[in-house]
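Comments concern the structure below.
The values are calculated or read from the model by the stated rules, or taken from the named source; none is laboratory data. If you're wondering where the values come from, they're calculated on a predicted model, not measured in any experiment. Here Cβ is always computed from backbone atoms with ideal geometry, including for glycine, and neighbour counts include all displayed protein chains. We work out accessible area using only protein heavy atoms, side chains counted, and drop any ligands, DNA or RNA first. Shrake-Rupley method; radii C 1.70, N 1.55, O 1.52, S 1.80 Å.
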Amino acid sequence: MAAVAGLAAVSMTAAACSSSSSSTATSTPGITATTITIGSHQPLTGIAAPGYDEIAPAANAYFQFVNAHGGIYGRKIKYIYLNDQYNPSITTTVVHQLVLRNNVYAIFNGLGTPTHLAVAPFLNSEHIPDVFVASGCECWNAPSTLPDTTGWQLDYVREGKILGSYIEQHFKGEKIGFFYQDDEFGQDGVKGLSDEIPKSQIVSEQNYNPTNIKIAPQVAALKAAKAQVVVSFTVPAFTALLKLTMLGLKYSPQLVVSDVGSDPITLAGLLASFAKNTSAGFGNALTQGIITDGYLPSLGSTSNSWITLFKGIYDQYLAPKKLPFDGNVLYGLSVGYTFVQAMFKAGKNPTRQSLINAINGGLPQGVSVAPYAYSASDHNGITGAYIGVIQNGVLVPSGGVLVTDDSATGPVTAYTVAQPPAPTSGIPSP
Amino acid sequence: MPTLARHLGIAIVAAVVLLLATNSIGDYRNYQLTELAAFVVAVAGLTVLIGLSGQISIGNGAFMAVGGYIAALILADLNWPLIAILPAAVVGAALAGAIFGVAAARLRGPYLAGTTLMLAVALPSVATRFQSVLGGDQGLGFFVTVPGSVGSNVTLIHWQAWVSCAAALVTLVLLANLVRSRVGRSWRAVRDDEVAAALAGLNVARLQILAFVVSAACAGLGGMLLAMWNESVSPGLFSLTLSIQLLTAAVLGGLGSLAGAIWGSAVLVLVPTYLENLATSHGMTATTSSSVPILAYGVVLIAVMLAFPSGIQGALVLLARVTGLQQLACRAAGPLAWQSRRSVQSRPAAESSRPESESSRPESESSRPESESSRPESESPRPQSQPAAESHEKGTL
């Protein structure tokens with residue numbers, strides 16, 4: 001019966017080596033006189049990693065920039081992001097580790113819909129700020145059940161509506177097919193698309209599970225339904241698989257891709273690596289003409305003050321790490337900026353609740369082309385985007401910014417207020 | 001002292017120690033302890049199956065999934081209390097084990113291993129096939145709350161550690177008694193020599209099915225505890241890797257030893273976190289550092305198998321003997337430790353050889369090259385092979 005004694009022994013060993021941490025005397029966990037420690041779960045390896053693994057390093061680069069320029073009321077941001085491989089069961093493990101062991105102040109920009117759904121209830125039950133989730137799922141907009149969770153990027157319902165209204169206007173009467181990830185990410189997108197596109201035009205709705213990369217049956221079904229336009233709510237790897245499978249089946253409809261799966265540089269790289277074709281321009285040739293949307297300024301608009309600011313930070317902190325200046329890096333820098341905005345607003349002695357209060361009070365529009373929806377009763381982030389076409393590996397905006405709400409009937413309207421310029425210091429004013 | 005009383009006595013002491021420990025080690029260690037206890041339950045069941053009944057399973061992760069999903073479905077749809085969900089998960093997994101055990105009792109060696117492996121590969125895809133019920137890749141939530149009667153100063157994680165450790169202790173006591181009982185002795189008889197066991201009047205197939213049921217029931221309970229720990233069930237939680245980890249833990253700890261199940265589980269739970277953090281803090285990239293634990297498993301497994309074929313528990317017993325503490329060790333570890341040592345040493349023979357070939361096997365093995373061309377002759381010198389033994393030979397090719 002050494003077994004039971006052994007269990008006890010193991011637990012005692014655990015007890016012996018656990019006496020560290022949890023002794024800091026400040027009232028707010030994760031905040032000291034000189035630091036703010038935040039954590040995140042990110043897909044650094046696995047199916048969602050290509051492209052997305054640049055986001056956390058980019059956000060961290062913005063934090064380093066802020067830390068080098070005085071921090072947030074003198075406190076430096078310490079950002080710990082752990083790899084969850086886009087696997088929900090690992091997400092809960094790493095988030096528990098961040099909360100229980102690293103004692104983080106907040107979880108920031110946790111990436112992925114299925115992954116973050118696994119931890120949002122835990123974070124809310126512990127009243128840990130769960131801010132700017134890196135997913136456009138409508139699920140984060142639940143102030144009554146998930147009061148400590150807020151979205152950031154354009155939510156998939158709004159995005160679906162904006163893409164849908166564009167398709168409705170520009171592809172009148174054509175046959176439309178959907179290809180989407182079979183979880184709340186894809187389903188929300190389809191909800192928005194279906195609000196705008198007449199039912200009679202939708203000929204096929206196909207989905208995929210991210211663990212199964214064999215999507216030829218679904219693509220064959222889209223081809224058999226003779227869809228002339230295929231709208232995809234996919235992560236980048238599956239956008240690339242979709243394009244290559246279409247090529248294999250000699251099927252070339254107009255592709256319309258959600259922002260999350262359409263970064264031209266990430267896509268081009270994936271296409272080249274999946275097809276094992278390293279000839280110059282191969283990837284860009286395949287992304288040519290893809291219609292997508294953007295809620296951050298286009299990387300190509302070099303006169304935009306935000307792009308200038310972020311290119312400077314990129315050159316200093318990220319270029320040495322050999323990361324490309326692409327949509328994912330822009331995303332990371334932007335969401336980092338938004339966090340700093342909210343932390344300044346939370347005050348000189350922030351508590352966990354004061355960060356949530358700061359966001360509930362609304363944040364001024366900054367990095368995005370459309371304003372935020374934040375209020376006490378709305379935890380969605382960015383409310384609009386422009387439609388763009390990928391040309392020669394660059395997203396070229398075609399038309400102005402469109403905004404809408406997340407209801408089935410709310411109209412999609414033009415937003416004509418110009419984006420405010422970036423602060424000259426590069427740091428949001430308190 | 002009667003076996004049951006002794007086991008209960010040790011369990012009560014362990015429970016007191018665990019209670020004191022959980023009160024002082026903080027939430028993160030309790031969180032790890034919950035996971036550890038869940039693994040102990042599942043690995044203990046597997047080590048009994050492999051070490052005592054002599055059947056190999058690479059698919060016990062699938063039975064954990066059965067237990068976990070049953071628990072999650074019951075909680076979501078019927079909202080039963082945890083105390084009722086526990087036995088439901090055990091019974092559900094045991095049923096699955098019984099059905100599978102019937103098939104397994106007909107298979108031997110690598111064929112059984114292959115079939116159980118298939119179970120581990122195939123079952124997770126059931127969840128994506130029936131997405132509306134089982135939640136697909138995203139899975140189902142499994143959020144338990146601390147019962148009001150426990151008191152408000154007990155955190156959820158603290159409570160989960162209690163539930164998990166209590167379940168592990170009960171499982172270990174039951175298994176310890178079972179392996180010392182008539183059933184346990186019969187299993188060992190079947191493991192060592194099926195034909196002799198059958199001749200002695202044991203119902204081999206029934207005993208083998210029973211072993212599968214016990215092992216699956218433990219896996220189901222472990223799966224339910226793992227779901228509680230993870231606050232969700234998803235195919236990613238019960239991947240093929242999990243099944244292989246269970247096997248690794250059982251082998252590392254020492255096949256057939258319940259104490260070994262604890263050492264093996266401890267290695268499984270504590271080493272990866274430690275190594276991955278170490279790797280990351282030494283500036284390795286995510287891709288590299290996420291592979292480090294897998295590499296470490298491989299290295300540790302090879303090292304342990306080379307140095308201590310009877311696993312960590314076997315090494316501890318050996319150490320105790322070398323340092324002259326054998327008497328003490330034997331008294332503390334009891335027949336279980338001895339059993340594990342013996343079972344592992346006799347494994348190759350028990351697995352692949354039958355009565356008549358026990359002594360001739362090594363020679364026939366070494367004389368393969370010469371006899372390759374003359375197959376008919378090499379078979380003929382063993383006219384005494386009985387039909388039953390022949391079928392076993394086929395089974396273990």
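What is the list of residues in the range B:211-249 whose amide nitrogen lies under 16 Å from a point 7 angstrom out from the Cα of residue B:95, following Cα to Cβ?
Flagged as within label range: B:213-214, B:216-218, B:220-221.
Sorted by accessible area (1.4 Å probe), largest first, how do A:196, A:184, A:54 line up?
Greatest to least solvent exposure: A:184, A:196, A:54.
Run lengths n ≥ 4 of DSSP H only: what is the helix-derived mean residue ellipticity at 222 nm for chain A, with -39500 (n - 2.57) per run over all residues, to the nearest 500?
Estimated from H runs of four or more residues: -11000 deg cm²/dmol.
Starting from the 7 Å offset along Cα-to-Cβ, what nm value, one decimal, do you get for the label separation of residue B:307 and residue A:429?
For residue B:307 paired with residue A:429, the spin-label model returns 6.6 nm.
What is the distance, in nm, between label points placed 7 Å from the Cα along the Cα-to-Cβ direction at residue B:200 and at residue B:20?
Each label point lies 7 Å from its Cα, and together they span 4.3 nm.
For chain A, which span is the longest to avoid every loop-located (per DSSP) member of trypsin sites (Lys or Arg not before Pro) having at most 15 other Cβ atoms inside 10 Å?
It runs A:1-171.
Structure shown: which of A:175/A:243; A:161/A:311; A:175/A:276; A:191/A:345 lie over 23 Å apart, alpha-carbon to alpha-carbon?
Where the Cα-Cα span goes over 23 Å, the pairs concerned are A:161/A:311; A:175/A:276; A:191/A:345.
Cα convex hull of the protein assembly as shown: how many Å³ per residue?
In the protein assembly as shown, the Cα hull volume divided by residue count equals 192 Å³.
How long is the gain from residue B:299 to residue B:278 if the chain were fully straight, where each residue apart is worth 0.36 nm and the alpha carbon distance is subtracted?
The span from residue B:299 to residue B:278 would gain 5.9 nm if fully extended.
Going by the alpha-carbon gyration tensor, a ≥ b ≥ c the square roots of its eigenvalues, is the range B:9-63 rounded (a/c under 1.5) or, if a/c is not under 1.5, prolate (a/b greater than b/c) versus oblate?
Oblate.
I'd like the projected area of chain A, averaged over all directions, using the convex hull of its alpha carbons. Report it in nm² with one decimal.
23.1 nm²
State the answer as a single residue: which of B:299, A:217, B:68 lies farthest towards the positive end of the charge dipole of the protein assembly as shown, with beta carbon charges of +1 for Lys and Arg and -1 for Asp and Glu, about the Cα centre.
B:299
At a probe of 1.4 Å, how much accessible area disappears from chains A and B on forming the pair, both sides counted, to the nearest 100 Å²?
The buried area between A and B, both sides summed, comes to about 3700 Å².
How about residue A:348: which lysines have a C-alpha closer than 23 Å to its C-alpha, ignoring those fewer than 8 places off in the same chain?
Candidates past the 8-residue exclusion: A:76, A:78.
Suppose R0 equals 45 Å. What FRET efficiency, 1/(1 + (r/R0)^6) with r the Cβ-Cβ distance, do residue B:122 and residue A:391 give to the nearest 0.05?
0.50
Give the long-range amide H neighbours of residue A:78: residues separated by 5 or more places, or on another chain, with amide H under 5 Å away, using H modelled in the peptide plane at 1.01 Å from N.
Close amide H contacts, sequence-distant or interchain: A:36, A:37, A:38.
For the range A:371-412, what does the convex hull of the Cα positions come to per residue, in cubic angstrom?
It is 88 Å³ per residue.
Counting only other chains, what is the mean number of Cβ atoms within 10 angstrom of the Cβ of each residue in peptide A:363-375?
The per-residue average across the peptide is 0.
What number, in percent, do you get for the relative contact order of the range A:33-175 if the mean sequence gap of Cα pairs under 8 Å and at least 6 apart is divided by its residue count?
It comes to 21 percent, rounded to a whole number.
How shielded is B:233-242 by partner chains, expressed as the average number of their Cβ atoms within 10 Å of its Cβ atoms?
So the per-residue partner count for this stretch is 4.
Within 10 Å of each Cβ in peptide B:261-272, how many partner chain Cβ atoms are there on average? Round it to a whole number, please.
3
With an 8 Å Cα cut-off and a minimum separation of 6 or more residues, compute the relative contact order for chain A in percent.
After rounding, I find 16 percent.
Report the chymotrypsin sites (Phe, Trp or Tyr not before Pro) located in the range B:112-146 that are in a DSSP loop and have at most 14 other Cβ atoms inside 10 Å of their Cβ, or state none.
The qualifying sites are B:130, B:143.
Under DSSP H, which helices of chain A have Cα atoms covering 24 Å or more of the helix axis and a Kyte-Doolittle average no less than 0.5?
Helix filter hits for chain A: A:327-346.
Is the shape of the range A:146-232 rounded, prolate or oblate, going by the alpha carbon gyration tensor and its root eigenvalues a ≥ b ≥ c, with a/c under 1.5 for rounded and a/b larger than b/c for prolate?
It comes out oblate by the Cα gyration axes.
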